[in-house]
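Student: Got a structure for you, written out below as structure tokens; questions coming shortly.
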């Protein structure tokens, strides 16, 4: 089905034979290899729909198994000779991966419990102990979980029509309603402060109340749309303070409220438009003020109501999409300390955590400008990748997409995966930059602080915007920012802080023209000094931007992010600059919510380079030792940079020699080899590792001086003649040979 042409070879994804076939340009068969590889998390193998190759000759093949859902697809990686190397997935059975996560709850210690349904387990996470998995042979399809007053776990098993009572070590205490016909497809579960259990018996369209040993107390409800009637009640929640019970009546698109004896009190919701409309309401939770928070599943939103069912507001958690902070198929919800919101997304196989933000404390707006020097700009893939990652980071840190103004030469790009071109606001040109700064920032909600990120080519005091040769001068930008400050003063509002992050060649030349004379309300961060060029290696994976924004994404402070990026670029002799004399002032300054994700950056302890030579030219073997990560290493890459290399203003570092290092199971090291005739006598080997969370290690730089004994040599033997004419010819021949 898929096809890839590399040089004189044609590679074809042969789906129904589950293989990749290789032919020459004349259609003559060369070889094939099977894609039916059982990786550690594989279920059923399937044939490849398409194929892609990287610059190292590795194949990337999608594998969707028998589930027609992109969230369960895998990308398998094979070497050029068909050896299975790695698999990337959004779901799985390893630690921290989920497969249909549903019910979630949080205990008093802020420990999270997740029903990892299709993996038939409960995953537990605490800040102190990390991840833990609970399995039991009787647990087949966990749907929801509650922690009773005796600190035991009660889990509804949807498929086995029972409730498992287990301790926090995973030991089975009791199986409630096992081998009975009482329950049919039990879903939500909750408990009151006396230990009684309430279960949404979804298949029987009712609520059942029992004691903590499973002794039947009472039931209420039947199939219907009247008061106290249900069609597929999915979740049940006890308000232990006020002794009320809330039920999400999913098929009737409403919420019903009862007392602890099942007496009907209140109902709200419909399938019409408006604040009280629902489309299959699913999970339900209470905040610290006993407000009711509903997961409106098919509308992909989270709504809050008071105890009377009066609408308060819809959470500005994010738009529909697959990015951080966005919702695609939200299902269950839990509220932790400080009203943190935990939401399971069954389609994307993930749990997201949102913390409470007091919007009155300040509105942050961001302007992202992805410049482009020309239509065939070699740097553009790195620029676009860097700008998109900055956009993702801001979204992840709680800045709504409506508070980001993104300017780019490519306006038709769906970054968040909602199938709408609504992420990039306008083309990158002078007119639109001026509008964003002097008008958009003043629109409601008016910004209290500004983040301005620029990435592309630069020259002394200028930033290149587009292929029409438009540039943004530092002096002009300063004029607009001063004008903006005046507009704020006129409106009696304060623009508390402006932060400019600029990654381009000679970006340091912007600091003096933009630096305020008296205060620190404007901070300028540049990727280079005023006379240095900027590196973007491997499509920006190795760049100041990637290291800086990756740390911001992980919830680090501005100081930590700047320090890390500066240290990472040190091996390239690139010196980032900042306008502050005292960097410690930024140690407690964060962009957005400072949301933290789990996972640390990979570490490389040592790099060794072994030189050799042969008929094919110079050869070096590169070995990376002590490569470690708390998740899993995705790739280890080496770049070879000759001392004579000088980055051009209009070109990315695309002609550095690259070597992918492959894990050697026997030695426990990552190894790779470069063979060629272009090695200089002195060069740098730069090795980086990245993991499956896209954390990138500090580059490990090894300075290498090629051993003169290993250089290819030639012996020239010249004779001597007393004949002047012949001797002249011999001398000219020697000179010609020396120059060859």
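Student: With (1) modelled with pLDDT under 90; (2) surrounded by 16 or more Cβ atoms within 10 Å (Cβ to Cβ); (3) part of a strand (DSSP E or B) as the list, and residue 131 as the residue in question, which single condition is left unmet?
Tutor: Failed condition: (2).
Student: Another question, if that's okay. Return yes or no: is residue 92 crowded, with 19+ Cβ neighbours inside 10 Å and at pLDDT below 75? Don't jump to the end; show me each part of the working.
Tutor: Values: crowded, with 19+ Cβ neighbours inside 10 Å: yes; at pLDDT below 75: yes.
Against the criterion (crowded, with 19+ Cβ neighbours inside 10 Å and at pLDDT below 75), residue 92 qualifies.
Student: Sticking with this structure for a sec: Which one of 188, 170, 103 is surrounded by 15 or more Cβ atoms within 10 Å (Cβ to Cβ), at pLDDT below 90 and under 35 Å from the mean Cα position of the chain (by Cα)? Break it down stepwise before answering.
Tutor: Details: 188 fails: at pLDDT below 90; 103 fails: at pLDDT below 90.
That would be 170, the only listed residue that is surrounded by 15 or more Cβ atoms within 10 Å (Cβ to Cβ), at pLDDT below 90 and under 35 Å from the mean Cα position of the chain (by Cα).
Student: Also, quick follow-up: Out of 290, 344, I need the residue that is in the same structural domain as residue 236 (by TED's automatic domain parsing) and part of a loop (DSSP other than H, G, I, E, B). Which one?
Tutor: 290
Student: Can you find, within segment 465-475, the residue that is farthest from the chain's Cα centre (by Cα) among those that are surrounded by fewer than 17 Cβ atoms within 10 Å (Cβ to Cβ) and more than 19 Å from residue 378 (Cα to Cα)?
Tutor: Ranking the candidates gives 475 first.
Student: Can you give me the number of residues within segment 505-537 that are free of Cβ contacts under 8 Å to residues at least 60 places away in the same chain, within 24 Å of the chain's Cα centre (by Cα) and assigned to a loop (DSSP other than H, G, I, E, B)?
Tutor: Final tally of qualifying residues: 1.
Student: Look through 670, 663 and report the one residue that is part of a strand (DSSP E or B), surrounded by fewer than 19 Cβ atoms within 10 Å (Cβ to Cβ) and at pLDDT 85 or above. Before the answer, list the steps.
Tutor: Working: 670 fails: surrounded by fewer than 19 Cβ atoms within 10 Å (Cβ to Cβ).
Every option except 663 fails the conditions.
Student: Restricting attention to segment 538-550, which residues are surrounded by fewer than 24 Cβ atoms within 10 Å (Cβ to Cβ) and not in a loop (DSSP other than H, G, I, E, B)? Steps first, answer last, please.
Tutor: Here is the first cut: in segment 538-550, the residues surrounded by fewer than 24 Cβ atoms within 10 Å (Cβ to Cβ) are 538-539, 541, 550.
Scanning segment 538-550 gives a single hit, 550.
Student: Among the residues of segment 551-574, how many are closer than 17 Å to residue 685 by Cα and outside any loop (DSSP other than H, G, I, E, B)?
Tutor: Keep residues of segment 551-574 that are closer than 17 Å to residue 685 by Cα, which gives 567-574.
Applying the additional criterion that residues be outside any loop (DSSP other than H, G, I, E, B) yields 567-572.
Looking only at that region, the number is 6.
Student: Right, something else. Has segment 473-482 got at least one residue that is assigned by TED's automatic domain parsing to the domain that holds residue 432 and closer than 19 Å to residue 582 by Cα? Break it down stepwise before answering.
Tutor: Initially, segment 473-482 is screened for residues assigned by TED's automatic domain parsing to the domain that holds residue 432, giving 473-482.
Now drop any that are not closer than 19 Å to residue 582 by Cα, which leaves none.
Checking segment 473-482: not a single residue is assigned by TED's automatic domain parsing to the domain that holds residue 432 and closer than 19 Å to residue 582 by Cα.
Student: Same structure, new question: Mind listing just one residue for me: the one in segment 590-610 that is surrounded by fewer than 17 Cβ atoms within 10 Å (Cβ to Cβ) and modelled with pLDDT of 85 or more and, of those, nearest to residue 630 (Cα to Cα)?
Tutor: 603
Student: Could you say which residue among 400, 414, 423 is under 22 Å from the mean Cα position of the chain (by Cα), over 25 Å from residue 473 (Cα atoms), in the same structural domain as residue 511 (by TED's automatic domain parsing) and free of Cβ contacts under 8 Å to residues at least 24 places away in the same chain?
Tutor: Values: 400 fails: free of Cβ contacts under 8 Å to residues at least 24 places away in the same chain; 423 fails: free of Cβ contacts under 8 Å to residues at least 24 places away in the same chain.
Within the list 400, 414, 423, the selection yields 414.
Student: Taking the stated definitions as given, is residue 180 more than 28 Å from residue 134 (Cα to Cα), free of Cβ contacts under 8 Å to residues at least 60 places away in the same chain and in the same structural domain as residue 138 (by TED's automatic domain parsing)?
Tutor: No: the conditions fail for residue 180.
Student: So residue 324 fits all but one of (1) touching a strand residue (DSSP E or B) at 6+ places or on another chain (Cβ under 9 Å); (2) under 28 Å from residue 197 (Cα atoms); what number is the exception?
Tutor: (2)
The values are calculated or read from the model by the stated rules, or taken from the named source; none is laboratory data. All figures in this text were calculated on a predicted structure; none of them were measured in a lab. Ideal geometry is used to build each Cβ from the backbone, glycine not excepted, and the neighbour counts take in all protein chains shown.
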